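Presented below is the structure to which this report refers.
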Amino acid sequence: MEKATLTFTDVATTVTVPAGTRIIEMSEKVGSGITYGCREGECGTCLTHVIEGAENLSEPSALELRVLAENMAGRKDRLACQCRILGGAAKVRPG
Amino acid sequence: MRSLIGPDGPVALAEGVHWIGALDPDLRSFDVIVRTANGTSYNAYAVRGSGGVAIIDTVKAEFAGAFFARLEAVARYDEIRFIVLNHLEPDHTGALPELLRRAPQAQVLLSPRGLPLLRALLRDDFGRYDIRPVTTGETASLGDCALEFFTTPYVHWPDTQCTWFARQRILFTCDLFGSHFCDARLFNDEAGDFRLAFEHYFDRIMRPFRSFVTEALDLLEPLDFALIAPSHGPILRTNPRDYLQRTRALAKARLGAGPEKALLVIYVSAYGATAGLAQAIHDGAEQEPGVRAALFDLEGAEIAPLLDLIEAADGIALGSPTINGDAVRRIWDLMAALAEIELRGKLGAAFGSYGWSGEAVRMIETRLQGLKLRLPEPGLRVRLHPSAEELAEGQDFGRRLAAHLCGRAPARVLDAPEAAAG
């Protein structure tokens with residue numbers, strides 16, 4: 001199985017995960033402040049700032065794009081409940 | 001009893017600007033969390049220009065009758081060009097669906113973050129209306145005058161914004177600068193003494209978002225306002241800037257932060273085992289340069305002053321024994337109260353002694369994570385009294401927490417299954 005690495009800078013933790021893992025699945029387990037509200041891509045609670053490796057993340061869906069826009073999110077922000085790491089590495093912190 | 005008698009009609013704030021809200025003198029509890037000894041008011045406003053009328057916010061649903069009666073005294077529904085929603089909580093949008101039925105041509109202006117709530121409020125009717133999200137600097141023309149919008153999120157919901165009417169130098173702030181204080185005299189220079197209500201309102205509604213409040217004040221303070229028109233309580237026409245300055249003072253942490261990172265180790269202990277761990281964690285944290293740790297036995301502490309201290313601290317470690325498969329009530333009481341203060345970016349940790357199952361530590365971690373604290377270290381659990389080795393591990397735990405506070409923690413590298421195991 002292809003692996004990827006996610007680094008959560010707020011808890012100084014890097015975790016190796018199967019490619020395709022949603023950020024939220026790991027962020028809670030390692031104790032990061034990236035936590036969920038609705039887990040359905042509606043509330044924007046899990047807003048995540050991507051420090052490095054944005055190119056290794058899944059493209060945002062129309063739903064995610066809408067919620068990001070409504071939350072006035074920055075260019076490097078994603079929703080942890082929607083966003084998957086597809087390979088390589090990415091470094092994130094709470095948005 | 002003059003103060004409890006409502007004005008019969010709309011009340012002029014300035015030429016072309018009227019209060020069209022409603023009074024609720026009998027309310028004794030707002031949103032469950034605020035006691036309202038003096039009731040409250042739901043302030044809504046109508047602003048007229050040469051090109052039409054803007055309605056700024058509405059009222060709680062059961063007061064819609066009074067709102068519409070006052071509105072009809074200053075404007076026809078077909079004159080309404082804009083409906084401004086500074087905040088979508090039900091006490092301000094209760095009359096909105098009916099207002100839109102009566103004035104379907106009106107454009108609804110709100111912050112982008114308000115859109116999901118408006119969709120939920122209007123449901124199938126959402127698509128039938130002209131809805132325009134606005135952000136700081138955008139305007140809505142009323143012909144010979146205009147409204148300007150300022151996005152001020154989290155004062156106290158994500159959607160909150162303020163509206164500026166430059167012609168009359170009036171700032172419509174919705175819940176910001178509000179107070180639950182019902183007085184039919186409406187204006188701060190005529191109403192009874194509402195200082196307690198003003199401060200209580202801030203504490204219960206705004207305090208968890210105090211950084212956002214400060215950001216909003218920074219954005220609004222340069223405006224040359226002559227009057228602040230909030231959505232609850234007296235309209236601030238005499239010395240309105242005093243209320244901004246008072247709010248700025250209230251938005252500061254009650255206790256100042258020292259030069260060192262502060263870690264509070266707070267515990268409850270039945271037989272001294274969790275207390276022993278707490279002492280070890282405290283002592284370990286103290287060994288890290290630049291960190292000041294403090295130890296509190298919650299059994300002997302009042303929660304309210306502790307909240308002030310937590311607000312000023314950088315991290316908290318909470319310890320509880322497991323009794324009846326649960327964390328103890330004092331810890332739950334404290335954790336419930338944590339929602340009353342700002343916790344953004346703080347570090348959290350859990351520890352405790354147990355006899356059989358030891359659920360308390362996981363429960364504390366779940367609650368702290370739900371409050372969006374970062375928990376860089378898995379909780380520390382010890383069966384019965386900690387051994388010398390376990391006390392050493394407690395000290396190490398404290399040192400690691402302190403290192404995280406200082407940004408000196410060594411990077412942790414895990415595989416997914418390890419992370420899942422916590």
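Contact order for chain B, expressed relative to its length and based on alpha carbon pairs under 8 Å spaced 6+ residues apart, stands at 11 percent.
The magnitude of the dipole of the protein assembly as shown, with charges of +1 and -1 set on the Cβ of Lys/Arg and Asp/Glu and taken from the Cα centre, is near 420 debye. Neighbour counting of Cβ atoms within 10 Å sorts the residues B:R185, B:R374, B:R195, fewest neighbours leading, into B:R195, B:R185, B:R374. Most tightly packed first, judged by the mean number of other beta-carbon atoms within 10 Å of their residues, the peptides B:215-227, B:307-319 read B:307-319, B:215-227. Amide H to amide H distances under 5 Å link B:C174 with B:S231, where only residues 5 or more positions off or on other chains count and H is placed in the peptide plane. Here the sum of -39500 (n - 2.57) over DSSP H runs of 4 or more residues, divided by the residues of chain B, equals -8500 deg cm²/dmol at 222 nm, to the nearest 500. Ordering B:K372, B:K252 by the number of other Cβ atoms within 10 Å of each residue's own Cβ, fewest first, gives B:K252, B:K372. Of B:L171, B:L338, B:L391, the residue with the greatest mean-square motion in the GNM of chain B, using alpha carbon springs below 10 Å, is B:L391. Once you order the gyration tensor axes a ≥ b ≥ c over the Cα atoms, which shape class does chain B get: rounded for a/c under 1.5, otherwise prolate or oblate by comparing a/b with b/c? Taking the square roots of the gyration eigenvalues as a ≥ b ≥ c, chain B is prolate.
Measuring between their Cα centroids, the range B:161-188 and the range B:328-405 lie 43 Å from each other. Between B:A339 and B:R195, the simple label model (points 7 Å from Cα in the Cβ direction) yields a spacing of 3.1 nm. Averaged over peptide A:16-24, the number of partner chain Cβ atoms lying within 10 Å of each residue's Cβ comes to 2.
Shape verdict for the range B:2-250, please, from the Cα gyration tensor: rounded (a/c under 1.5), prolate (a/b greater than b/c) or oblate. Here the range B:2-250 falls in the rounded category. What FRET efficiency comes out for B:R246 versus B:R102 if R0 is 45 angstrom and r is the Cβ-Cβ distance? Round to the nearest 0.05. With R0 = 45 Å, the Cβ-Cβ based efficiency is 0.70. Comparing mean-square fluctuations of B:A304, B:A103, B:A349 from a GNM of chain B with C-alpha springs under 10 Å, the top value falls on B:A304. The label point for A:L86 and the one for B:Q287, both projected 7 Å from the Cα toward the Cβ, are 4.7 nm apart. Between B:R102, B:R210, B:R381, the GNM of chain B built on Cα springs shorter than 10 angstrom shows B:R102 fluctuating the most. For the range B:1-76, applying the loop criterion from DSSP together with a ceiling of 14 other beta carbons within 10 Å to the GluC sites (Glu not before Pro) yields B:E15. Indicate the gyration tensor shape class of the range B:277-338 (rounded, prolate or oblate), computed on the Cα atoms with a ≥ b ≥ c the square roots of the eigenvalues: a/c under 1.5 is rounded; otherwise a/b larger than b/c is prolate and the rest oblate. Here the range B:277-338 falls in the oblate category. Dipole magnitude for the range A:3-94: about 200 debye, using +1 per Lys or Arg Cβ and -1 per Asp or Glu Cβ, origin at the Cα centre. Quick one: net charge around B:A75, please, counting Lys, Arg +1 and Asp, Glu -1 for every other residue with C-beta under 13 Å from its C-beta. Residues near B:A75 contribute +2 overall.
With K and R counted +1 and D and E -1, the other residues having a Cβ less than 11 Å from that of B:D125 yield a net charge of +3. Dividing the mean sequence gap of close Cα pairs (under 8 Å, 6+ apart) by how many residues the range B:261-406 holds gives a relative contact order of 32 percent. Just for the protein assembly as shown, what percent of DSSP beta bridges are antiparallel, to the closest 5? Within the protein assembly as shown, antiparallel bridges account for around 50 percent of the total. Taking every alpha-carbon pair under 8 Å whose residues sit at least 6 apart, the range B:1-83 reaches a relative contact order of 27 percent. Note on the range B:2-250: antiparallel DSSP beta bridges, both residues inside, total approximately 60 percent of the bridges counted. Shown for A:C81, B:C145: other C-beta atoms within 10 Å of each C-beta, ranked fewest to most, produce the order B:C145, A:C81.
No lab work stands behind these numbers, since they all come straight from the coordinates. Being a predicted model, the structure only gives us computed values, none of them experimental. Backbone-built Cβ (ideal geometry, glycine too); neighbour counts: all protein chains shown.
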